[in-house]
Amino acid sequence: LGALNSAMRSPANPARLEVTGRQIAGFLRAALRPENAARRLQPLRGVAVGMPHVAGLRARYDPASFELIEAWVGEELLHPDRTYVVAGTDLEFYDFLGYLPIPQDQIEFEVPTIIPEVLEDYLARHSPLPAPGMDRLTPWQGGR
């Protein structure tokens, strides 16, 4: 429990909302930029924002322009006009990161639950966990 809490960068509340594929692509373009990942914000206790973590999504992007080459949700290509249900925290959805600012009235928060509690419960029920795949967000090396 101590290691879990030290690894968590904030006591954020879990959140759920619906966004378009276009919004997801915009989030990824902003979040993958090295200068954004290197930003150190006070709400994160001075720790760098870092690269995004995703589950259920895989994407290849151009490391020069940060444009998405291809993105998949599950086995389907991400469609710009389709609506997707996503989960995250107030960290990703509030405007201080600027990646995916969403009006608060469009977000379902689970309060007073905080992410370390969610992870603690999940780990207790599903351990040991397999290592995640390393192909979720990959720079495009040319070709398709």
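The values are calculated or read from the model by the stated rules, or taken from the named source; none is laboratory data. This one's a predicted model, so the numbers in the text were calculated from it and none came from an experiment. Neighbour counts are summed over all protein chains in view; Cβ atoms, including those assigned to glycine, are modelled from backbone coordinates with ideal geometry. Each accessible area value is taken on the protein alone, full model and side chains, heavy atoms only, with ligands, DNA and RNA left out. Shrake-Rupley method; radii C 1.70, N 1.55, O 1.52, S 1.80 Å.
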Of the accessible area of the chain, with the probe set at 1.4 angstrom, what percent is carbon plus sulfur? 55 percent
Please give the FRET efficiency for Thr138 paired with Ala55, using the beta carbon to beta carbon distance and R0 = 22 Å, rounded to the nearest 0.05. 0.90
For helix 21-31, report the angle its Cα long axis makes with the longest principal axis of the Cα atoms of the chain; keep it between 0 and 90° and round to the nearest 10°. 80 degrees
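Which of the chymotrypsin sites (Phe, Trp or Tyr not before Pro) found in segment 81-111 are in a DSSP loop and have at most 15 neighbouring Cβ atoms, other than their own, within 10 Å? Working shown, then result.
Details: sites: Tyr84, Phe93, Tyr94, Phe96, Tyr99, Phe109; in loops: Tyr94, Phe96, Tyr99.
Sparse-neighbourhood loop chymotrypsin sites (Phe, Trp or Tyr not before Pro): Phe96.
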Between the helical axis of 115-126 and the dominant principal axis of the chain, each derived from Cα atoms, what acute angle in degrees is found, rounded to the nearest 10? 90 degrees
List, in order, the whole-Hz ³J(HN,Hα) value for each residue of segment 13-18 obtained from phi through the Karplus relation with A = 6.51, B = -1.76, C = 1.60 and θ = phi - 60°; use x for Gly and Pro. 8, x, 9, 9, 7, 10
Cut-off under 5 Å, modelled amide H: who pairs with Leu137 long-range: Ala59
Run the paramagnetic zone check for Arg82: 7 angstrom along Cα to Cβ, then residues of segment 17-32 with backbone nitrogen under 14 Å. 19-25
If one computes the Cα centroid of segment 102-144 and of segment 1-55, what distance in Å separates the two points? 10 Å
